[in-house]
1. Restricting attention to the stretch 27-41, which residues are assigned to a helix (DSSP H, G or I) and free of Cβ contacts under 8 Å to residues at least 24 places away in the same chain?
2. Of the residues TYR217, TYR204, TYR113, TYR121, only one is surrounded by 13 or more Cβ atoms within 10 Å (Cβ to Cβ), aromatic (Phe, Trp, Tyr) and not assigned by TED's automatic domain parsing to the domain that holds THR296; which?
3. Which ones in the stretch 293-307 are surrounded by fewer than 22 Cβ atoms within 10 Å (Cβ to Cβ) and part of a helix (DSSP H, G or I)?
4. How about the stretch 112-147: which of its residues are touching a Leu at 6+ places or on another chain (Cβ under 9 Å) and either part of a loop (DSSP other than H, G, I, E, B) or in contact (Cβ under 8 Å) with a residue 40 or more places away in the chain (or both)?
5. What are the residues in the stretch 79-90 that are at pLDDT 70 or above and either out of contact with any Lys or Arg (no Cβ under 9 Å at 6 or more places or on another chain) or part of a helix (DSSP H, G or I) (or both), if any?
6. Checking LYS324 against (1) at pLDDT 95 or above; (2) outside any helix (DSSP H, G or I): exactly one of these is not met. Which one?
7. Cβ-Cβ below 8 Å, separation at least six or inter-chain, first residue in the stretch 193-215 and at negative phi, second in a helix (DSSP H, G or I) and surrounded by fewer than 14 Cβ atoms within 10 Å (Cβ to Cβ): which pairs?
Amino acid sequence: MPKDRNSAQKIFIVSDAASRYKIIIPEELKKYNFISFDSFNQAYYSVYASPPQLILIALENFSKKDSIYKKQLGMIGDMQLDNMLSNIPILFILPADFDFNWIKAEKCFLKDYVKEPLGPYELKYKVENIMHSSKSALDANPLTKLPGNSSIMESVKNKLEEGVDFSFAYIDIDNFKSYNDKYGFLRGDEVIMMTSRLIATSVYDISKSRKRNIEKYVFIGHIGGDDFVVMSFADDIIDISNTVVGNFDKIILSFYDNTDKQRGYIEAYGRKKNMENFPIMSLSVAVIPYANKKITHYGQISEIASGLKALAKEKPGSNVIVDKREEG
């Protein structure tokens with residue numbers, strides 16, 4: 001079923017009034033929704049009202065160094081410094097005689113561009129690549145750079161639609177909040193980073209050693225805080241989970257001061273504002289083998305994983321709890 005035109009990703013085209021690109025671009029990139037402007041300053045004010053996923057600038061006279069174009073370059077620079085707008089990618093189509101020394105002097109940075117003459121499908125490839133990269137970057141966790149919630153849900157959806165046999169693991173760090181409260185956010189961030197690297201190394205080492213199709217089966221995501229997810233080739237998830245837990249338990253003590261390390265717990269304020277003893281951090285891992293045969297949408301995975309995680313947290317130390325229910 002074709003995508004509704006109104007729901008398609010939006011691209012602003014900025015080009016001269018009589019530019020051939022006003023026709024060429026929409027013809028080559030049919031799946032997008034285009035809005036055309038004759039100058040960047042027109043587009044600039046529309047960005048605030050209705051932000052696009054990409055701005056495509058094809059001003060054929062850019063290389064003339066006209067004062068009009070200098071003003072537009074200044075506005076582009078302003079947009080790149082604006083926290084609200086800087087995540088919107090800008091793609092330039094540059095004329096063959098474009099002067100890069102001039103653009104450098106104007107202090108405008110062209111992160112993404114193609115230069116005439118364009119090869120077949122070059123523009124389409126570049127636009128789709130930017131769209132994909134931009135979406136991933138916006139969704140990525142700022143600390144670990146791992147994909148976030150939107151990407152996790154999309155990966156589950158795609159695997160279900162494509163009939164991929166995959167297994168799912170939800171990984172949570174136990175007693176992380178009390179550690180964060182006592183040792184501070186910087187030390188807490190170090191634990192998060194260590195855990196993300198440990199998970200990634202374990203997943204990719206096992207998947208590569210067994211010659212799995214990484215792109216098809218493997219996904220590592222960071223929901224936020226101390227929660228992670230892993231998707232893998234169906235038969236690998238138990239070994240991955242046990243490897244992550246084993247390595248985490250070997251490493252985690254190095255993040256504690258000697259006193260806490262020796263007694264095996266820390267003293268910190270609990271939820272009721274009373275001083276309590278909290279065990280050394282551990283992992284609770286909820287595993288759903290052959291998830292594609294048990295669920296039909298992401299909400300079901302989340303529900304099953306939450307129940308398993310609660311069971312894991314009832315036991316001391318690190319635990320891997322596997323869903324035993326029959327396949328649907």
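The values are calculated or read from the model by the stated rules, or taken from the named source; none is laboratory data. Not measured: the values here are computed from a predicted model. We place every Cβ from the backbone using ideal geometry, glycine too, and count neighbours over all the protein chains shown.
1. Start the filter on the stretch 27-41 by keeping residues that are assigned to a helix (DSSP H, G or I), which leaves 27-28, 40-41.
Answer for the stretch 27-41, where residues must be assigned to a helix (DSSP H, G or I) and free of Cβ contacts under 8 Å to residues at least 24 places away in the same chain: just GLU27.
2. Numbers: TYR217 fails: not assigned by TED's automatic domain parsing to the domain that holds THR296; TYR204 fails: not assigned by TED's automatic domain parsing to the domain that holds THR296; TYR121 fails: surrounded by 13 or more Cβ atoms within 10 Å (Cβ to Cβ).
Only one candidate passes the filter, namely TYR113.
3. Pass one, the stretch 293-307, residues surrounded by fewer than 22 Cβ atoms within 10 Å (Cβ to Cβ): 293-300, 302-304, 306-307.
Within the stretch 293-307, LYS293, TYR298, GLY299, GLN300, SER302, GLU303, ILE304, SER306, GLY307 meet the criteria.
4. So the first thing to find is which residues in the stretch 112-147 are touching a Leu at 6+ places or on another chain (Cβ under 9 Å), and the list is 112-116, 123-124, 126-128, 130-131, 134, 140.
Result: GLU116, LEU123, LYS124, VAL127, ILE130, MET131, SER134, ALA140.
5. At the first step, the residues of the stretch 79-90 found to be at pLDDT 70 or above are 79, 87-90.
Hits for the stretch 79-90 are MET79, ASN87, ILE88.
6. (1)
7. Pairs that qualify, where the first residue is at negative phi and the partner is in a helix (DSSP H, G or I) and surrounded by fewer than 14 Cβ atoms within 10 Å (Cβ to Cβ), are MET194/ILE251; LEU198/ILE251; ILE206/ASP239; ILE214/LYS208.
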